[in-house]
1. When you scan region 446-556 for strands (runs of 3 or more DSSP E) that lie fully inside it, which ones turn up with 1 or more residues that are hydrophobic (A, V, I, L, M, F, W, C) and under 27 Å from Asp591 (Cα atoms)?
2. Taking into account only those residues within region 288-301 that are free of Cβ contacts under 8 Å to residues at least 40 places away in the same chain and assigned to a strand (DSSP E or B), which is farthest from His349 (Cα to Cα)?
3. Which condition from (1) out of contact with any strand residue (DSSP E or B) (no Cβ under 7 Å at 6 or more places or on another chain); (2) part of a strand (DSSP E or B); (3) closer than 30 Å to Thr732 by Cβ is the one that Thr648 breaks?
4. On the given criteria, is Met228 open to solvent by less than 10 Å² (accessible area, probe 1.4 Å), within 14 Å of the chain's Cα centre (by Cα) and over 21 Å from Tyr351 (Cα atoms)?
5. Among the residues of region 585-604, write down those that are open to solvent by 40 Å² or more (accessible area, probe 1.4 Å), over 12 Å from Tyr646 (Cα atoms) and either at pLDDT below 80 or among the β-branched types (Val, Ile, Thr) (or both).
6. When the residues of region 331-363 are narrowed to those that are within 23 Å of the chain's Cα centre (by Cα) and of a type in the set (Phe, Trp, Tyr), which ends up most open to solvent (accessible area, probe 1.4 Å)?
7. Does any residue of region 723-731 turn out to be open to solvent by 40 Å² or more (accessible area, probe 1.4 Å), touching a strand residue (DSSP E or B) at 6+ places or on another chain (Cβ under 8 Å) and at pLDDT below 95?
Amino acid sequence: MRKFVLYSLLTLLPLSVEAAQLTDTPTAPTQPAAIVGSKPQPRKTDANIFGHVIIAATGEHLPYATVAIKGTTIGCAADGTGHYNINNIPEGEHTLVVSAVGYRTVEHPFKAVANQSQEINFTLDEEATLVDEVVVSATRNETNRRLTSTVVNVASTKLFEGTASSNLSEAMNFQSGLRVENTCGNCGAPQLRINGLEGQYSQILLDSRPIFSSLAGVYGLDLMPVAMVERVEVIRGGGSALFGSSAIGGVVNIITKDPVRNALSLSNTTNIMEDGTPDINTSLGGAFVSDDYKMGAYVFGQIKSRGGYDRNDDGFTDITKLRSETVGFRAYYKTSAHSRLSAEYHHIHEYRRGGDNLDEAPHMAMICEQLDHNIDGGGLRFDLFPNNRHRFNAYASAQGINRSSYFGTDMNPDAYGTTRDFTIVGGAQYTFNYKLGLPAELTTGVEYNYNKLNDYYIATERRLIQQTSTIGLFAQNEWKSEKFNALIGFRLDKHNLIRKPIFSPRVTLRYSPIEQVGLRLSYSSGYRAPQAYNEDLHIDALNHTVSLIQLADDLRPEFSHSFSASADCYHTFGKVQANLMLEGFYTILDDVFTLEKIGEDADGNILKERRNASGAKIGGISAELKVGIPDIFDVQLGYTFQRSLYDTPEQWTDALDPQRRMFRAPDHYGYLTSNFFITRDLYATLFGTFTGPMLVQHNAYSVDGVDFGDSEVMTESFWDFGFKVAYTFRLTNIINLEVNAGIKNIFDSYQRDIDVGAGRDSAYIYGPALPRTYFVGLKFYL
């Protein structure tokens with residue numbers, strides 16, 4: 001499979017090089033670089049515009065900026081010399097929008113006149129703090145991040161490259177209120193925590209579609225290579241009013257790459273852990289766009305190979321052995337000047353194994369957790385926007401997962417299992433722009449979500465068959481202006497496992513007394529259905545046996561109410577651009593889900609039950625600072641203080657007193673990312689995270705025949721910092737080669753009390769995901 005993926009993608013290389021060379025050729029105004037519009041106009045208007053885009057600070061031309069006519073599919077990318085040309089534009093009044101990553105977007109009105117060519121030139125200001133990004137997660141519509149009434153955090157390609165991340169689980173630590181941690185020393189299951197809440201409280205979306213099922217969520221962030229991701233948008237707090245069930249603590253929206261211009265990228269990053277264990281990542285991506293910009297496709301592939309890492313030399317892995325191959329594409333076809341059809345497909349194969357005797361059959365090991373995933377998913381979307389007042393889209397997405405697994409101890413020959421999972425999502429959305437006092441935007445829609453899960457574990461003959469379906473109706477109205485935004489919305493869901501429909505309201509406000517200050521207030525709600533979630537499908541190896549999770553017969557839905565208030569301040573001190581945001585958050589959980597040990601089954605396996613507790617409250621404050629001078633440096637840092645407490649003490653084991661504190665929820669944590677542009681071709685990054693002490697469960701374990709009971713441990717603090725240095729060789733006008741190197745976890749800050757031997761508790765794992773790791777990389781791009 002690996003050879004097939006690489007061969008298939010590399011055969012596209014000559015075509016991409018030739019296409020890129022064409023786009024880099026300077027073009028005279030009368031020789032169009034792009035004739036845009038998805039099908040021939042009824043009449044050739046010969047109404048044309050042309051011009052160039054330059055950088056304000058230097059006066060140099062800016063290559064590959066996006067130039068588009070607002071409210072249509074008409075647009076192009078500037079060529080390698082910073083020039084653009086659009087021909088046969090429909091007659092009438094239009095607005096031209098010019099944007100580029102790292103620059104402030106500019107809009108310019110113009111009138112297209114038949115048989116007339118106009119020169120329209122643009123000057124873009126660089127932006128070190130990236131506050132004017134376009135986001136879609138705040139309202140399900142494209143919105144300027146600064147003007148939205150909801151706080152949206154964005155992790156972009158710049159972050160992925162600056163932190164040398166190969167997948168999303170490595171990159172998502174560098175956002176306010178977010179932490180990614182490993183929850184199993186055998187299989188390496190990652191978990192994204194938003195404001196201290198466990199991973200199953202967050203809804204993971206792919207291009208705004210909830211196709212990440214409970215099974216996909218177990219290893220979801222590890223499965224998503226950054227080669228296919230344009231950016232990740234994160235909303236903290238309940239999001240069920242927009243995205244339905246499971247968006248109880250936050251929403252993570254993974255936006256895949258869209259083809260904008262002809263381009264090609266081939267990269268490799270080789271990581272070597274402190275004991276010599278390798279982690280090798282190779283990715284290839286190519287964007288191919290037709291000369292008339294009517295069709296385009298982005299094709300990607302990634303291969304990852306990582307050895308198993310044993311921190312304490314006891315013969316059992318503490319970081320999982322892993323192999324994965326990913327291939328896919330995202331494409332579009334412009335059916336007219338006001339409509340577009342998009343398609344996306346991805347195939348992911350991943351094999352992971354932890355324990356001992358990694359080269360033997362699973363049942364020849366004292367501990368083995370082995371999983372082999374094959375995932376195929378994709379979707380279609382049709383967008384129609386006949387004018388600036390009406391927009392409509394319809395979509396359908398699906399994803400299927402086949403998983404073979406082994407979760408066993410003491411050479412158990414029966415600990416194999418199989419899992420089949422299928423998810424389908426379909427819906428439609430209509431947006432109407434009107435004016436009622438203030439300009440307003442009404443959005444309504446319907447969405448259907450279906451999932452079927454069949455999980456079979458041979459050792460206990462446990463078979464979990466779960467079918468869930470949800471039909472949701474949503475509506476929201478937003479009044480907006482430069483100074484004031486007010487949004488009121490709701491979603492009504494009928495879940496097949498819940499007797500009554502669920503009503504999820506949402507209210508957000510934004511007020512800017514001056515242009516440099518944004519004040520926000522919000523209330524949102526969320527819910528989780530009484531069904532199996534990602535953690536319930538994972539089996540831990542504990543003290544020569546395994547731990548199984550079952551659902552209580554009377555399990556009720558869990559609800560959240562999230563409140564937040566924030567102040568966003570922007571200011572420029574000469575050349576220095578700065579952005580400071582302070583946010584307070586408070587979440588109330590009703591009928592909160594908890595896990596409690598209830599005994600053992602007939603085979604001696606530990607049983608845990610998912611039950612409802614009375615409730616919980618999570619509150620805190622986050623501060624985030626961005627500061628920089630374009631082309632010289634930029635720094636972003638954030639810190640969060642919070643408390644996560646159950647309303648009444650909860651008991652997870654009979655061996656200990658009940659506990660009010662939520663586990664794995666530190667009271668304070670933060671992050672830092674920074675980029676230093678030493679010369680045009682040389683830059684360096686410094687990045688890191690800090691995690692304060694937290695309370696962690698330690699299940700019963702044994703060492704050399706001595707048994708230890710259940711306990712609770714307050715961990716130490718961790719500083720996990722790294723750096724990267726990169727230099728770009730400009731081989732030709734369009735072909736570049738970047739060479740980079742660096743270190744992750746410089747101080748080798750790593751858990752010091754990992755259990756040893758076959759009687760260990762595999763869930764007793766915390767702290768940084770990697771030990772001190774050295775890396776070198778090459779990136780060829782054009």
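1. 462-480, 484-495, 502-511, 517-528, 545-551
2. Among those that are free of Cβ contacts under 8 Å to residues at least 40 places away in the same chain and assigned to a strand (DSSP E or B), it is Met295.
3. Here Thr648 clears every test but (3).
4. No; evaluated as a whole, the condition is false for this residue.
5. Result: Ile598, Ala602, Asp603.
6. Tyr345
7. yes
A quick yes/no check of all residues on (1) under 28 Å from the mean Cα position of the chain (by Cα); (2) open to solvent by less than 20 Å² (accessible area, probe 1.4 Å); (3) at pLDDT 90 or above:
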site: Gly472; (1), (2), (3): yes, yes, yes
site: Leu487; (1), (2), (3): yes, yes, yes
site: Ile498; (1), (2), (3): no, yes, yes
site: Pro501; (1), (2), (3): no, no, yes
site: Tyr511; (1), (2), (3): no, no, yes
site: Ser525; (1), (2), (3): yes, yes, no
site: Ala529; (1), (2), (3): yes, yes, no
site: Asp536; (1), (2), (3): yes, yes, no
site: Leu542; (1), (2), (3): no, yes, no
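The values are calculated or read from the model by the stated rules, or taken from the named source; none is laboratory data. Here the structure is a predicted model, which is why all the values come from computation and not from measurement. Virtual Cβ from ideal backbone geometry, glycine too; neighbours counted across all protein chains shown. Ligands, DNA and RNA are stripped out before the accessible areas are found, and what is left, the full protein with its side chains, is counted by its heavy atoms. Shrake-Rupley method; radii C 1.70, N 1.55, O 1.52, S 1.80 Å.
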